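The values are calculated or read from the model by the stated rules, or taken from the named source; none is laboratory data. Please read these numbers as outputs of a predicted model, since none were measured by experiment. Here the Cβ positions follow ideal geometry from the backbone for every residue, glycine too, while neighbour counts run over all protein chains shown.
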Amino acid sequence: MKSLLLAILAAGLAGRVASAEPYQVAVIPKGTTHEYWKAVQAGAMKAQGELNAAGVPVTVIWKGPLKEDDREQQVQVVENFIGRHVNAIVISPLDRNALVAPLATAVQGRITVVTIDSGLNSPLPACYVATDNRAGGRTAARTLAALVGSHGRVLMLRNATGSANTEEREEGFLEVMRQDFPGIKLVSTDQHGGVTRDNAYRTAQNLLNRFGRELDGVFACNQPTTAGLLLALRDAGLAAGKVKFVGFDTGVAELAALKSGDISALMVQDPFGMGYLGVKNAVAVLRGETVAKVVDTGVTVVTRENLDEPAVRDLVNPPLEKYLP
Ligand code: BGC
């Protein structure tokens, strides 16, 4: 009798699951132009495919602002998704403060919020999936110091104010340089390259005009600043290892520059893993499962020497074609 009852209950539950509406999971990047986000999107689509195949219907909706400094547009995207009553929002906040209020509204509306890639000044997200950015900045400093030697002159190109992850990288970099390498002179650490390659290029040109002749090493803390600094170093005749260059993230141009020796090392994150685990964890929360509050997706120092190792090759060539339209 008891087992009959259980069987009836289980059948009822299965029937409900089978007929359930898919979970609507909005995935909101900081911006939509950089290659970095393609990998995040592909990872999110992989998660959607796997969940659907496992009988958990999920629809991922990908939408973000165009530019990574457009706070208003990212807030609007969040508000739109709140209006549409999605079940979850997986977001990389482009500003750690400006997005707190709209995401609090989402949580009040019983929408699950998961942050990926960059943090929020609030404990409200159910989970945060990202690089340990401070550690990434520290490792970048040690990598550059090893290339430059104990008595070089170095500059750092910042990204944008309010962007939690790149500010943490900048802080981690400066912390290690100041504490562990007192013989390295930091000639400039306060300039922001902004959110586009072209802006970063202009800022880097100005910096190199001023400090170029005396420089031994440079650090850029994300993809557009790395791309802009690369162009400026080439223009100034300081590429090809004349000035040691540690950048962050990969893209077609950055990988080619690593191979040719114009970039000495890249700090490579796992944006594919962030998109994938962001969606997986959001759905797990929706289904009442417990997830870790913080998931570290790791960062790898990639050089010309380890570029062909299988794990590195996979990391720098995420399977975009397989998952993106
Ligand atoms: C960061 C992202 C940023 C991207 C492109 C990455 O390093 O993790 O937050 O949006 O660079 O700018």
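For residues that are within 14 Å of the ligand (Cβ to nearest atom) and in a helix (DSSP H, G or I), scanning just region 140-164, find the one that is surrounded by the fewest Cβ atoms within 10 Å (Cβ to Cβ). Break it down stepwise before answering.
Within region 140-164, the first condition is being within 14 Å of the ligand (Cβ to nearest atom), and the residues that meet it are 140, 157-164.
Of the ones still in play, those that are also in a helix (DSSP H, G or I) are 140, 164.
Working: ALA140: 28, ALA164: 21.
Residue satisfying both the conditions and the ranking: ALA164.
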**Report entry** So VAL90, is it in contact with a strand residue (DSSP E or B) (Cβ under 6 Å, 6 or more places away or on another chain) and not hydroxyl-bearing (Ser, Thr, Tyr)
**Finding:** yes
Query raised in the report: Scanning region 22-35 for residues that are modelled with pLDDT of 95 or more and outside any loop (DSSP other than H, G, I, E, B), which turns out nearest to the ligand (Cβ to nearest atom)?
Result: ILE28
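Results for (1) in contact (Cβ under 8 Å) with a residue 60 or more places away in the chain; (2) away from the ligand (no atom under 16 Å from the Cβ); (3) assigned to a helix (DSSP H, G or I), shown as yes or no for each residue.
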| position | (1), (2), (3) |
| --- | --- |
| GLY43 | yes, no, yes |
| VAL56 | yes, yes, no |
| GLN74 | no, no, yes |
| LEU94 | yes, no, no |
| ASN97 | yes, no, no |
| ALA104 | no, yes, yes |
| SER118 | yes, no, no |
| ALA135 | yes, no, yes |
Query - Candidate set from region 61-72 (those that are in a loop (DSSP other than H, G, I, E, B) and basic (Lys, Arg)); member that is farthest from GLY31 (Cα to Cα) - result: LYS63
Query raised in the report: Looking at (1) farther than 18 Å from VAL246 by Cα; (2) more than 15 Å from the ligand (Cβ to nearest atom); (3) surrounded by 14 or more Cβ atoms within 10 Å (Cβ to Cβ), can you tell me which one GLN205 breaks?
Result: (1)
Query - Selection from region 214-239 of residues that are within 11 Å of the ligand (Cβ to nearest atom) and free of Cβ contacts under 8 Å to residues at least 60 places away in the same chain - result: THR226, ALA227
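Report yes if some residue within region 65-72 is in contact with a strand residue (DSSP E or B) (Cβ under 8 Å, 6 or more places away or on another chain), exposed (fewer than 15 other Cβ atoms within 10 Å of the Cβ) and not hydroxyl-bearing (Ser, Thr, Tyr); otherwise report no. Spell out the reasoning first.
We begin by selecting, within region 65-72, every residue in contact with a strand residue (DSSP E or B) (Cβ under 8 Å, 6 or more places away or on another chain); these are none.
No - not one qualifying residue is present in region 65-72.
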Report summary line: Only unsatisfied item for GLY251, checking (1) touching a residue at least 24 places away in the same chain (Cβ under 8 Å); (2) more than 26 Å from ALA140 (Cβ to Cβ), is (2)
